[in-house]
Amino acid sequence: MRYRPILPAILCLLIGLSAAAAAGPIGIGVGGGLNLPIAQDDAGSGFLYGARLRIGVASFAAVEPCLSYLRQGDSEVELHGQPVVLDGGQSTALGLNLILGSVGPPGGMRVYGVIGLASHAMKQEGTDDQSRLAISLGPALEAGVGPNLALGLEARLHMISLDGGGARKNIGLSGGLIYYLGRQGR
Amino acid sequence: MRGATMQSTRRERGTIPAEKRFAFRESLYKMMSVRRSVLSKMMSGPKGAAGFVAGLLILAVLGGCTSWLGSTTMRITYYLESSLYHLENEIESAEVDLQDNEDWQDHRDDVTGINRILFAFWVINPTTSDATAQFYISTDEDLATAQQIQDHATLVLDGISVPAQDSVYINARDSYQYFRNVDELTDRLIEGQFHLYCISSSAPFEIEVPDSAAFMIEFTFAVDWEF
């Protein structure tokens, strides 16, 4: 088992520092959606879900510690005339997202970019468990549905590094709710 | 007749009331101005700068991850064309040559790693006592006794129990539990060519694997993109 505790430790430190630096709204979000593998013969379409804590550090930037679970669908292959279903794998990720764009108090419709760094604990039948670094990025859309509540949609490319080089690439299409703490208003 | 119909249609279009035309034009202008204001809000001030920085960061991340972006995980299935056995003091090995596989041949220079190896085959035990099948790999195709195999080849699969005068089918999904020395097997697969031997773990060492044994290799190859 290859596990590097240094990555989660760095992420925990960053989460602590970012919470201390909060200058904007703080929100708690949950969401889920589809996890679509790109160029991976050994995986099918799966799902993902997770929780996040959004901490506004400026009117145009926020950091977001997050915990996510990504499941890749099983794949099927035919051997000796028999179909065989093989595990597509899964990973639990602890990460930190950087949000750049419109991240002030909720209200109206807004668009922002998400860039994430995460440590993925990966499991797949027939392979050793691994802890790998991942980068994700993509656009997100948020619509206020109440004074403290917003509905978010996000399309993100997750690139999970592999031992030796290359990466597993997944498109995560997800939606969720984010609840902003305290009294909000533009 | 046809010309008359077209003329009447033009006349009907021409009779759209002026109020309706103005209302339509106004709503169009309104929509365009809203769009302009949303865009100008998005592109100006600190948010616009943040968007610009986000764009630059995304480009930098993508630029730094070209081998990640250009990587693919592929699965190939390789079937052994001949049987391998140790019967009546005779040993037959099977040659594994991934160059026979077109997908492997196309990408072998860009392979960054083998992610998973699985296999599926029948094992036959012709003896009157239970046996445990073992698989060895070697670049030497002239190993002639079980002792030579155990001494000079690398054990890669072990613990496959086969009852006396019976056979078992090893399913791909369960196959990984029999692996030993996976790193060496991986290295040999990347080199692409070796010989596979199968013997029973104890005397009389007799065991047989019929042809069409299948190996599945999942590997990643990466090609750097040039922008």
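Brief remarks on what is shown
- Scanning the range A:128-162 for residues that are surrounded by fewer than 19 Cβ atoms within 10 Å (Cβ to Cβ), within 14 Å of chain B (Cβ to nearest Cβ) and either of a type in the set (Phe, Trp, Tyr) or part of a loop (DSSP other than H, G, I, E, B) (or both) yields A:Asp128, A:Asp129.
- Among the residues of the range A:1-59, the ones that are among the hydroxyl-bearing types (Ser, Thr, Tyr) and at pLDDT 90 or above come to 2 in all.
- Taking the range B:180-195 as the range and being assigned to a loop (DSSP other than H, G, I, E, B) and over 16 Å from B:Gln99 (Cα atoms) as the test, the residues that pass are B:Arg180, B:Asn181.
- Condition met for A:Gly73 (farther than 14 Å from A:His120 by Cβ and of a type outside the set (S, T, N, Q)): yes
- Looking only at residues of the range B:110-133 that are away from chain A (no Cβ under 14 Å) and out of contact with any Ser or Thr (no Cβ under 8 Å at 6 or more places or on another chain), we find that the one that is surrounded by the most Cβ atoms within 10 Å (Cβ to Cβ) is B:Pro126.
- Any hit, the range A:137-146, residues being touching a residue at least 60 places away in the same chain (Cβ under 8 Å) and touching a helix residue (DSSP H, G or I) at 6+ places or on another chain (Cβ under 7 Å): no
- Checked against the criterion of being in a helix (DSSP H, G or I), touching a residue at least 12 places away in the same chain (Cβ under 8 Å), among the charged types (D, E, K, R) and surrounded by 13 or more Cβ atoms within 10 Å (Cβ to Cβ), the range B:134-151 has no qualifying residue.
- Candidates B:Ser161, B:Ser175, B:Ser202, B:Ser212 - the one that is in a loop (DSSP other than H, G, I, E, B), in contact (Cβ under 8 Å) with a residue 24 or more places away in the chain and on the phi < 0 side of the Ramachandran plot: B:Ser202
- Those residues of the range B:50-86 which are at pLDDT below 70 and either surrounded by 17 or more Cβ atoms within 10 Å (Cβ to Cβ) or at the interface with chain A (Cβ under 8 Å from one of its Cβ atoms) (or both), in sequence order: B:Ala50, B:Gly51, B:Val53, B:Ala54, B:Gly55, B:Leu57, B:Ile58, B:Val61, B:Leu62
- Of everything in the range A:44-68 that is among the polar types (S, T, N, Q) and surrounded by fewer than 20 Cβ atoms within 10 Å (Cβ to Cβ), the residue that is farthest from the chain's Cα centre (by Cα) is A:Ser59.
Okay, residues lined up against (1) in contact with a strand residue (DSSP E or B) (Cβ under 6 Å, 6 or more places away or on another chain); (2) not basic (Lys, Arg):
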{"position": "A:Asp128", "(1), (2)": "no, yes"}
{"position": "A:Leu133", "(1), (2)": "yes, yes"}
{"position": "A:Gly144", "(1), (2)": "yes, yes"}
{"position": "A:Asn148", "(1), (2)": "yes, yes"}
{"position": "A:Ser161", "(1), (2)": "yes, yes"}
{"position": "A:Gly164", "(1), (2)": "yes, yes"}
{"position": "A:Lys169", "(1), (2)": "yes, no"}
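- Failed criterion for A:Ala121 (all others in (1) within 14 Å of chain B (Cβ to nearest Cβ); (2) touching a residue at least 60 places away in the same chain (Cβ under 8 Å); (3) among the hydrophobic types (A, V, I, L, M, F, W, C); (4) more than 22 Å from A:Ala58 (Cβ to Cβ) hold): (1)
- Any hit, the range B:175-183, residues being among the small types (Gly, Ala, Ser), facing chain A (nearest Cβ under 10 Å), under 28 Å from the mean Cα position of the chain (by Cα) and buried (at least 16 other Cβ atoms within 10 Å of the Cβ): yes
- Residue, farthest from the chain's Cα centre (by Cα), within the range B:88-114, restricted to residues that are within 14 Å of B:Ile149 (Cβ to Cβ) and outside any loop (DSSP other than H, G, I, E, B): B:Glu90
- Residue match in the range A:111-124 (condition: surrounded by fewer than 17 Cβ atoms within 10 Å (Cβ to Cβ), farther than 30 Å from A:Gly165 by Cβ and aliphatic (A, V, I, L, M)): yes
- Screening the candidates B:Ser167, B:Ser200 for the property of being out of contact with any helix residue (DSSP H, G or I) (no Cβ under 9 Å at 6 or more places or on another chain) and more than 22 Å from A:Asp41 (Cβ to Cβ) yields one hit, B:Ser167.
- Residue tally, condition more than 9 Å from chain A (Cβ to nearest Cβ) and among the aliphatic types (A, V, I, L, M), over the range B:201-224: 6
The values are calculated or read from the model by the stated rules, or taken from the named source; none is laboratory data. Just so we're clear, the structure is a prediction, and the values are computed from it rather than from any experiment. Because the Cβ atoms are built from the backbone with ideal geometry, glycine has one as well, and the counts that use them run over all protein chains shown.
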